[in-house]
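The values are calculated or read from the model by the stated rules, or taken from the named source; none is laboratory data. Source: prediction; values computed, not measured. Every residue, glycine among them, receives a Cβ derived from its backbone with ideal geometry; neighbour counts consider all protein chains shown.
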Amino acid sequence: MPIGVYPRPQRYCTVAGCKRIHRGLGLCDAHYQQQKRGAALSEPAKRNVPLAERFWAKVDKSGNCWTWTAFKNPKGYGLMGHVQADGNQMAHRVSWVMANGEIPAGMLVLHRCDNPSCVRPDHLFLGTAQDNADDMMRKGRGYFPGPLYRKIYFDDPHPFPGGRD
């Protein structure tokens, strides 16, 4: 260390009960961000809260569907952060895993209720990508290009003269 240069003493957050290292204005990063947003300074967020506790705190069970109330993607599917090493996980998949165990490779978690923000385990079922497409078409949520397609998909297995193979 050069002559006349001394290490600065470690400073800690000035909020009562917080033991985090000082960032600026006498506050740790969490409290600094709270103050910046204009929120009342409180205890920093708990760490290592069990997954089930974090998950169910973000669910509204008041209706038939149990609705995810936290962040949703543009299609309405709930997302939960820090579930696995690679980041966010869809909320309905987390619900399935907590209720039924791991999702087999190649399988999707589908909704019986067609509510993308629903996380109620008995409204969910496993299926393949083809099962998902079939379910979508059966429920009339897909793109139907014309009457011939509807006839092929729903009515006659061989709508063309002489059948199709």
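State all residues of segment 76-111 that are surrounded by 13 or more Cβ atoms within 10 Å (Cβ to Cβ) and either of a type outside the set (A, V, I, L, M, F, W, C) or not assigned by TED's automatic domain parsing to the domain that holds Gly63 (or both); if no residue qualifies, say none. Passing the criteria: Tyr77, Gly78, Asn88, Gln89, His92, Arg93, Ser95, Asn100, His111. Only strands (runs of 3 or more DSSP E) whose full extent lies in segment 78-146 are considered here, and the ones with at least 2 residues that are over 19 Å from Arg54 (Cβ atoms) and at pLDDT 90 or above are 108-111, 124-127.
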